[in-house]
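A.B. asks: Pasting a structure below so you can have a look.
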Amino acid sequence: MERVLSIPLSEVGRHFEMNTRQDVKIIAPEIMSEQLFQSLSTKGRNPKREERIKGDWKHSGPAEPNGVCLSEDFSHASTGDKYRGPLAVSFANEEAPQDEHYHKEHVEMYYSEHPFSAECRVRGELKVEPFELDGGALIVGPDVIHKVHLTGMTIIVEFPAITGDKFDEPLRSPRP
């Protein structure tokens, strides 16, 4: 059905069992570009090619591209070059590499029934704040540098879906 995507938890589990990379985008602003694929490969992140899917999301084997539904599939209106749709969705677990980063415009929400923690710092400030949750949700606004430490299956939702809105920046500034 158009604008409806079902994501069986068992399929996400099978994906993680079969693939070395322990995070997977399911709804994304765009199909991964060759430039991003090469950049992630150079960083040792073990990316997989992506292809557009229709219908229910299913896991892919190690040699198959990941099936991705585009964010714009969940919107009536054309959102322009930068804003691609109302949201992006990924799943990750404790084996997925998490880096220190921020987003200039979109909000990121992490939800898990498992304990997880995070460190956050507002850009331009020095104080790093820790967060410890026994499961629950962490919602991070724009211009907040953060690194999340996962301990189980986690859903990550970005809204709106924006192309190129992730920027690396350390949580702690180097001391002179």
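The values are calculated or read from the model by the stated rules, or taken from the named source; none is laboratory data. The model shown is predicted, which means the values in this text are computed figures rather than measured ones. With ideal geometry, Cβ positions are generated from the backbone for all residues, glycine too; neighbour counts draw on all protein chains shown.
Rundown of residues vs (1) modelled with pLDDT under 90; (2) closer than 18 Å to Glu95 by Cβ; (3) not in a helix (DSSP H, G or I); (4) not polar (S, T, N, Q), yes/no style:
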| position | (1), (2), (3), (4) |
| --- | --- |
| His15 | yes, yes, no, yes |
| Met32 | no, no, yes, yes |
| Leu40 | yes, yes, no, yes |
| Asn46 | yes, yes, yes, no |
| Lys54 | yes, no, yes, yes |
| Trp57 | yes, no, yes, yes |
| Glu64 | no, no, yes, yes |
| Val68 | no, no, yes, yes |
| His76 | yes, no, yes, yes |
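A.B. asks: If the Cβ limit is 8 Å and pairs must be 6+ apart or interchain, which residue in segment 109-121 that is in contact (Cβ under 8 Å) with a residue 60 or more places away in the chain pairs with which residue that is surrounded by 16 or more Cβ atoms within 10 Å (Cβ to Cβ)?
C.D. replies: Close Cβ pairs (under 8 Å, with a partner that is surrounded by 16 or more Cβ atoms within 10 Å (Cβ to Cβ)) do not exist here.
A.B. asks: Right, another one. Pairs only if they're at least six apart or on different chains, beta carbon under 8 angstrom, first in segment 30-46 and more than 18 Å from Cys69 (Cα to Cα), second of a type in the set (A, V, I, L, M) and not in a loop (DSSP other than H, G, I, E, B); list them, first residue then second.
C.D. replies: These pairs meet every condition: Asn46/Leu40.
A.B. asks: Could you count how many residues in segment 116-143 are aliphatic (A, V, I, L, M), within 18 Å of Arg172 (Cβ to Cβ) and within 18 Å of the chain's Cα centre (by Cα)?
C.D. replies: First, the residues of segment 116-143 that are aliphatic (A, V, I, L, M): 118, 122, 126, 128, 133, 137-140.
With within 18 Å of Arg172 (Cβ to Cβ) added as a condition, the list becomes 118, 122, 126, 128, 140.
Then keep just the ones that are within 18 Å of the chain's Cα centre (by Cα); that gives 118, 140.
Residues in segment 116-143 being aliphatic (A, V, I, L, M), within 18 Å of Arg172 (Cβ to Cβ) and within 18 Å of the chain's Cα centre (by Cα): 2 in total.
A.B. asks: Does segment 91-110 hold any residues that are surrounded by 15 or more Cβ atoms within 10 Å (Cβ to Cβ) and under 12 Å from Ala161 (Cα atoms), and which are they?
C.D. replies: Within segment 91-110, His103, His106, Val107, Glu108 qualify.
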